[in-house]
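A quick write-up on the structure given underneath.
The values are calculated or read from the model by the stated rules, or taken from the named source; none is laboratory data. Keep in mind it's a predicted model, so treat the numbers as computed, not measured. For neighbour counting, all protein chains shown are included, and Cβ atoms are generated from backbone atoms with ideal geometry for every residue, glycine included. The accessibility values were calculated without ligands, DNA or RNA, using every heavy atom of the protein model including side chains. Shrake-Rupley method; radii C 1.70, N 1.55, O 1.52, S 1.80 Å.
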Amino acid sequence: MEAAVGLLWRVPVKTPRLQYVVKVFFEHWFPLPYKIVSVAEWSDFNKPTGWRVISYGTSELGPADVSIPYSGFIEREGVDFVLPPWNAGGFFPGEGDLPWDLPAMAFYVLTLYALYDWHYGYDEWGLYAWERSPFYTAPFWQEPFVLMRLYELLERLSLRLPRPSFTWEIGWDIDHLYAWKGRGGLRWWLGGLRRGDLMKRLQTRWGRQSDPYDTLDAITNHFPPMRSRFFFLLSQAHARDSLISPSHPDIKRRVQELVGKGYEVGIHPSFTTREDPKKLVQEKNLLE
């Protein structure tokens, strides 16, 4: 019987970022047995028969089926802004059979890393001004380049796995269901005075004009359920959390309407959930 094929990632050190990326690759995208083995563990490790070895920045430890350059980004902690080096095929280029640091590139893209400390300002709609960063005008953004580089890695390992069909999907973050409706209090009034839009806020409250953030109907009129997911921010614990209380009856109503129409609905984690993961469970339970 032919030996099962698996992947050994021979790495300088195991890190949470690396474990996350490899899990996405070979549990969610292309299910394959794999194991991450650090330099410290390698001398005592027995390679299973038939498994391929990926040398990730460990060429000094001997031959491997494929080598990948190691930029060190996967070891970093925190979210300080990084503008990585790039070439026509991707970023974090280096010397190896695959000429990019694929795990680093994947982590940067999958986590939207640059947005944690975006340096290029915002446009007139308050959205990230992508066009101001030379990085986001590079040619590889015209294709799903992380997946394409992963294909190249699998091909170098002589693994011909079925490729998923390409599709697209939009995630809608509902940070604030309304800009002005369903709110009050000193912050609301002072904000209206400071921004010079108090009369518009009052007109919206009286139902004489629409709220600028009340866009769910417009979204669902254009984007069908199979192409959209909605993520609601259900916390007011921090100043950067939602403007609307999660107990507001319209939130429950709107979530139920979306689910009734066939849309998938999840949570947008609140500002402090990474410091207190229990809040993630609480917010999920609240949504449910």
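Overview of values
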{"item": "Odd one out for S67 among (1) at pLDDT below 95; (2) under 20 Å from Y151 (Cβ atoms); (3) among the polar types (S, T, N, Q)", "result": "(1)"}
{"item": "Of residues in segment 166-211 being of a type in the set (A, V, I, L, M) and open to solvent by less than 100 Å² (accessible area, probe 1.4 Å), the one modelled with the lowest pLDDT", "result": "L190"}
{"item": "Residue that is modelled with the lowest pLDDT, among those in segment 1-32 that are in a loop (DSSP other than H, G, I, E, B) and either in contact with a Pro (Cβ under 8 Å, 6 or more places away or on another chain) or open to solvent by 90 Å² or more (accessible area, probe 1.4 Å) (or both)", "result": "M1"}
{"item": "Positions within segment 36-56 being open to solvent by 90 Å² or more (accessible area, probe 1.4 Å) and touching a strand residue (DSSP E or B) at 6+ places or on another chain (Cβ under 7 Å), in sequence order", "result": "K47"}
{"item": "Of the criteria (1) outside any loop (DSSP other than H, G, I, E, B); (2) open to solvent by 50 Å² or more (accessible area, probe 1.4 Å); (3) under 15 Å from P12 (Cβ atoms), which one S71 fails", "result": "(1)"}
{"item": "Counted residues, segment 227-243 - those being of a type outside the set (S, T, N, Q), out of contact with any strand residue (DSSP E or B) (no Cβ under 7 Å at 6 or more places or on another chain) and either outside any loop (DSSP other than H, G, I, E, B) or crowded, with 17+ Cβ neighbours inside 10 Å (or both)", "result": "2"}
{"item": "Residue satisfying all of: in segment 110-143; open to solvent by 40 Å² or more (accessible area, probe 1.4 Å) and under 14 Å from the mean Cα position of the chain (by Cα); modelled with the highest pLDDT among these", "result": "L110"}
{"item": "Contacts under 8 angstrom Cβ, first residue in segment 270-288 being over 13 Å from F231 (Cβ atoms), partner open to solvent by less than 90 Å² (accessible area, probe 1.4 Å) and polar (S, T, N, Q), 6 or more apart", "result": "F271/S235; K279/S235; K279/S270; K279/T272; K279/T273"}
{"item": "Criterion violated by F92 - all others in (1) on the phi < 0 side of the Ramachandran plot; (2) crowded, with 18+ Cβ neighbours inside 10 Å satisfied", "result": "(1)"}
{"item": "Unmet criterion (only one of (1) assigned to a loop (DSSP other than H, G, I, E, B); (2) touching a Phe, Trp or Tyr at 6+ places or on another chain (Cβ under 9 Å)) for W168", "result": "(2)"}
{"item": "Qualifying residues in segment 246-269 (those that are touching a residue at least 60 places away in the same chain (Cβ under 8 Å) and more than 19 Å from the chain's Cα centre (by Cα)) - the one surrounded by the most Cβ atoms within 10 Å (Cβ to Cβ)", "result": "I251"}
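Yes/no matrix, rows are residues, columns are (1) among the hydroxyl-bearing types (S, T, Y); (2) within 22 Å of T15 (Cβ to Cβ):
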position	(1), (2)
G89	no, no
E95	no, yes
P103	no, yes
L115	no, yes
D123	no, no
Y128	yes, no
Y136	yes, no
S158	yes, no
